[in-house]
Structure formats: C-alpha cells, structure tokens
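Take a look at the structure set out below.
The values are calculated or read from the model by the stated rules, or taken from the named source; none is laboratory data. Note that the coordinates shown come from a computational prediction; the quantities given were computed from them, not determined experimentally. Don't worry about glycine lacking a Cβ; one is built from the backbone with ideal geometry, like all the others, and counts go over all protein chains shown. To get the accessible areas, we keep the full protein, side chains included, count just its heavy atoms, and leave off ligands, DNA and RNA. Shrake-Rupley method; radii C 1.70, N 1.55, O 1.52, S 1.80 Å.
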Amino acid sequence: MASSVDLVIFGASGDLARTKILPSLKHLARRNGTALRVIGAGRSEHTQSEFRDLVSESSGSAELAAGAEWVRLRYKDPESFTPVKELLDGTKTAIFYLATPPATFSDILSTVGNSGMVTKGDPSRRIVVEKPLGHDLASARRLNSQLAASFDEEQIFRIDHYLAKDTVQNVLALRFSNSLFEPVWNRNLVETIMITAAEEEGIGLRAGYYDHIGAVRDMIQNHVLQLLALVTMEPPTTFDSDYIRRAKRGALRAVLPLDPTQAVRGQYEGYLDEPGVAPDSRRETYAAARVHIDNWRWDGVPIFIRTGKALKRRATEIVIKLRDAPSLRVGGRRQRGIATLIVIRIQPDEGITLRIGAKRPGVRFEMVPAGMRLDYAHLTRTALPDAYENVLAEVLAGGHSAFPGGEEIELSWEIVDPLIKSWEQDGHPEPYPPGSWGPQAADDLLADNGGGRWIVSGDEPGTA
Ligand code: NDP
Ligand code: BG6
C-alpha cells in the first residue's frame, strides 16, 4: 500500500545514505501527520528485512524501518524499475533521490523520466541529485538538459549540503543585515580573502568514488565555490531564493577560470595504500588556488581557496583580512601592527570572530591581538541540525532556498575545468604528510601572491 510521501533513494545502501540521509530522516519520519516511506533501490542484493535493519541502524527510527522497502534494480535497465513503479502507485508525493556516483545519474534520469512515474510540471513528483552534477562543464550541461526534459525547475533539487548549513546561511545575515560590514567589504579595505575547507579524515572506504573525482570536483567545484559566491556577491534584492541565485550567478560569472600556474595539488602520504585506490593514482586529495575576481568590487584583491583530506584538523573557515591601520608610535616606538580579521567559522565551533588589536592591560601602551566572538551555539538551546536534515526538510516541503540553480553549477565547472584538464594531462600531486596543513607549495602560493600566510583560527593568536 502506498504512503503519503515516498522517498526513493537510489544507492540506498551506500555511504551517503547510511551516514547522512537516513540519520537525518529520523526527525522527518512524520511531519504534520504525514508518514514518510523509504524505498531503497540499487544493484545490491538485500532482503526487505536486511534493508529494514539497515534503515533502523542508520536512522534510529523504528517507524521508518518498519515501512521501508528494498528494490533490486540495474540503473540501465528500465524493466527492473517496475517494482518501484508498483510501490508508488497511488502515492501522493514521490521523491527520487540519486545518492549514487555521478556516472550513474544519466541512466537513472532517463529511466525515471521515461517510466511514467513522473510528469513534467507536477510538483508532487520531485527529483534530487547529489553533487557533483557531472564531471565537467559539458557533462553538467547534458545533465541539466536531461533534467529539464522531464522536470520543471521547481521539481528539481540539486544538492549542495553546504548551502543548508546554518553558518553558511548566516553569511548572508552577517553581510546584509548589519550595516557595519558591507561598507568595508570591497577592494578598498579588504586585503585578502582565504577560504579553507580542511578535513582530518582520509578517504576511508570511498576510493570507488573519490579516486575518479579528486578534491577539485569533490569540494572546490561545489562547496567552496558556493562559499566564495556568498562571500563576494552583490547584495540580493531580497533573501528569496531566486534573488540569491541571481546574485551568486553574477559573482561566479566574474570569477576567472583557475590558472594551473597559480594552483597547487597534493596527495597525502599513504593515499595509494587506501583500499581500492589505483597503485599509480595521480588523483589529488588536496587543492589550493588563487582566485581572480574580475569586477568592480574585488578587482586586484588576492583571494585563495584550499581544501584537502587527511589534514591537521577539520576546519571550514572564511577569513577576510582587512588592510592594516596606520600603526602610530608611542614614545618613539612603532606599535606592533595587528591585522583586523573577520573569521567566519563554518565548522566546527561554528561562529564568527572579529580579530582586532587591543591595548594590553597594564601601564605600558602596547598592542595585542584580541578576539570578539560570536558562538553560534549560544544562539539556540537545541543542537544545530545536520545540514542534511535541513536539505531533506526543504525537499519534503518543496522549498528551494538551500539549493544551487543549474546555471550556477555550470558556471562553477567553467571555473574549474581548465585546472582539472591540466592536472589530468600531466604532472603529479605533491605528497604531504597526513596531519599537516598540506604541501609547502601552497604556503608559497600565498606568500608569492600577496596573501601572506594561510590563517585558520586556533593557529592565529587572538582568533581562537
Ligand atoms: P558510494 O560509493 O557509497 O555509492 C553509493 C551507492 O551507489 C553504492 O552503495 C552502490 O549501490 C551505488 N554505486 C556505487 N558505485 C557504483 C557504480 N560504479 N555504478 C553504479 N552504481 C554504483 O558513494 P557515496 O554514498 O559516498 O556518494 C554518493 C553520492 O553522494 C555521490 O554523488 C557523492 O558525491 C555524494 N555525496 C557523498 C557524501 C558522503 O559523505 N558520502 C557527502 C556529499 C555528497 P548499489 O551497488 O546498491 O547500486
Ligand atoms: C561531501 C564530499 O560533499 O562533503 C566529501 O563528497 C566530504 O568528500 C563532505 O567529506 C564534507 O562535508 P562536511 O559537511 O562534513 O563538511
């Protein structure tokens, strides 16, 4: 018997489904009296009871587990989708979630699109696609056309779960709900911008996905460029999703394609021994690049981005470094210059720090770095929801505020494509020790391009 809302998850026994999607469904299993049913689908062999155990273990919801169904199918074989169609017969809302590697998206989209399970323009039939959408600009364009052939834009949810993080959404609040920041947010007062998305863990058991993808496609093309767009875009007309997407498109259009001569790739030592990694893999697990933004607001400001696996610790941060104030002399002695930093701590330890210079308490007039901190957790009594819970709540409600539009995704591929092509053609990533901040060359990249040195809170006095 069909339920009110059916969520068909392709690749439901995979890493994403087990670690993010199913756990997030626990609080969404019943909304406004509407029951949710999970239909897992994939090539793997599972009995219904095995899949129910998996749902129970991952989600912690007995209710969700009790109603869950498993359908074994082959993504290229439309006939094998028939049991899904039968399960969906009479359902009010059906959501198809592609939680599989990007290479499978086209086959699944064409089968779902031609199956009679969806009707273009019917908002009760929704499609959710994971990032990265495609593996380059051309494939992203093909997938966007394929999506558009079967679905209207309001039926399509392209996931970038960073957009559903509260701290990422707070970038908009910080910039556009406070009159303090916007006047300094430009080339006149900003000396440099740095975006770090560092992870402590290696690739774990995800070689099947990661060794074909690498850090640029996995993180830069989507999460990091979305952060960059939010930080550098012009004020949107309203906070509604259409206007925010429009402002982000404007920002991404002004970003020049990444230049391989101003970029660094790394591979953590031990990567080649990870299960499933090709013994001669040249895949990058670290990437850093200088970004040029060719517009009135940011012309000439050195902007740097970096991401990597197996780094010193997990830290996603945006650092806006303001130009130094003139440092005055006291008794003939020049004071120590202390750069003003606006640090947006996306995760962990979510919040914002304003690092300023202050007078050291005592008789002498001496400057020390000091921090003014907003700890995001103090704004709420409850734990911050996981981004996937926000994403899924939005999909179930049919809202679009936490999703990038198709054009933004294509613009992002335009930015990274030349770098990926150049790196795939030749050269090797530089090895870096796990637990470090990546290759030395990434420090040189900053130093040689007017960026000083990488800043991340905790490693910079006064920002912790
Ligand atoms: P997995 O490698 O775990 O794959 C998920 C499922 O897809 C597998 O269980 C398998 O199911 C099916 N699958 C795997 N490889 C293939 C293949 N070559 N051909 C056909 N089917 C395959 O990947 P993840 O779950 O880690 O990622 C899935 C998607 O989610 C990716 O697009 C990724 O970018 C995205 N993502 C993942 C995150 C994560 O933390 N894991 C976070 C954010 C996004 P079966 O064998 O049953 O068909
Ligand atoms: C995913 C990437 O999109 O984001 C993973 O595929 C990465 O490789 C993950 O680990 C990071 O997400 P978060 O929310 O843990 O920062």
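All conditions in (1) in contact with a Gly (Cβ under 7 Å, 6 or more places away or on another chain); (2) surrounded by 13 or more Cβ atoms within 10 Å (Cβ to Cβ); (3) outside any strand (DSSP E or B) hold for D324, with the sole exception of (2).
So, W454, is that one aromatic (F, W, Y) and more than 18 Å from Y286 (Cβ to Cβ) or not? No: the conditions fail for W454. Checked against the criterion of being away from ligand 2 (no atom under 16 Å from the Cβ) and open to solvent by 50 Å² or more (accessible area, probe 1.4 Å), region 154-174 has at least one qualifying residue. Within region 440-459, the set of residues being in a loop (DSSP other than H, G, I, E, B) and over 25 Å from the mean Cα position of the chain (by Cα) comprises N449, G450, G452. Only residues that are farther than 16 Å from M194 by Cα and open to solvent by less than 60 Å² (accessible area, probe 1.4 Å) were counted across region 333-347, and they come to 3. Does T100 satisfy the criteria of being within 16 Å of ligand 1 (Cβ to nearest atom), at pLDDT below 95, open to solvent by less than 40 Å² (accessible area, probe 1.4 Å) and outside any helix (DSSP H, G or I)? Against the criterion (within 16 Å of ligand 1 (Cβ to nearest atom), at pLDDT below 95, open to solvent by less than 40 Å² (accessible area, probe 1.4 Å) and outside any helix (DSSP H, G or I)), T100 qualifies. Is it the case that some residue within region 418-425 is over 22 Å from the mean Cα position of the chain (by Cα) and part of a loop (DSSP other than H, G, I, E, B)? There is no residue in region 418-425 that is over 22 Å from the mean Cα position of the chain (by Cα) and part of a loop (DSSP other than H, G, I, E, B). Here region 1-24 is the region considered, the condition is being over 23 Å from I108 (Cα atoms) and either within 14 Å of ligand 1 (Cβ to nearest atom) or modelled with pLDDT of 90 or more (or both), and the residue that is least open to solvent (accessible area, probe 1.4 Å) is S24. Filter region 204-221 down to the residues that are hydrophobic (A, V, I, L, M, F, W, C) and more than 16 Å from the chain's Cα centre (by Cα), then identify the one that is farthest from E284 (Cα to Cα). The extreme case among them is L205.
Residues that are under 22 Å from T382 (Cβ atoms) and of a type in the set (S, T, Y) were ranked within region 12-27; the one that is nearest to ligand 2 (Cβ to nearest atom) is T19. Here G90 fulfils each of the conditions (1) outside any helix (DSSP H, G or I); (2) loosely packed, with under 14 Cβ neighbours inside 10 Å; (3) modelled with pLDDT of 95 or more apart from (3). Pairs linking a residue in region 226-241 that is within 17 Å of R187 (Cβ to Cβ) and among the β-branched types (V, I, T) to a residue that is assigned to a helix (DSSP H, G or I) and open to solvent by less than 50 Å² (accessible area, probe 1.4 Å), with Cβ atoms under 8 Å and 6 or more positions apart or on different chains, are V231/V171; V231/R175; T232/A251. In the condition set (1) surrounded by 15 or more Cβ atoms within 10 Å (Cβ to Cβ); (2) free of Cβ contacts under 8 Å to residues at least 60 places away in the same chain, E350 is compliant with all but (2). With respect to being within 18 Å of D6 (Cα to Cα), of a type in the set (D, E) and more than 16 Å from ligand 1 (Cβ to nearest atom), E86 fits the description. Quick check on region 243-277: of everything there that is without any contact (Cβ under 8 Å) to a residue 40 or more places away in the chain and among the charged types (D, E, K, R), which residue is nearest to D443 (Cα to Cα)? By that ranking, first place goes to D273. Apart from one condition, V118 fits all of (1) open to solvent by less than 60 Å² (accessible area, probe 1.4 Å); (2) over 16 Å from V38 (Cβ atoms); (3) within 16 Å of ligand 1 (Cβ to nearest atom); the exception is (3).
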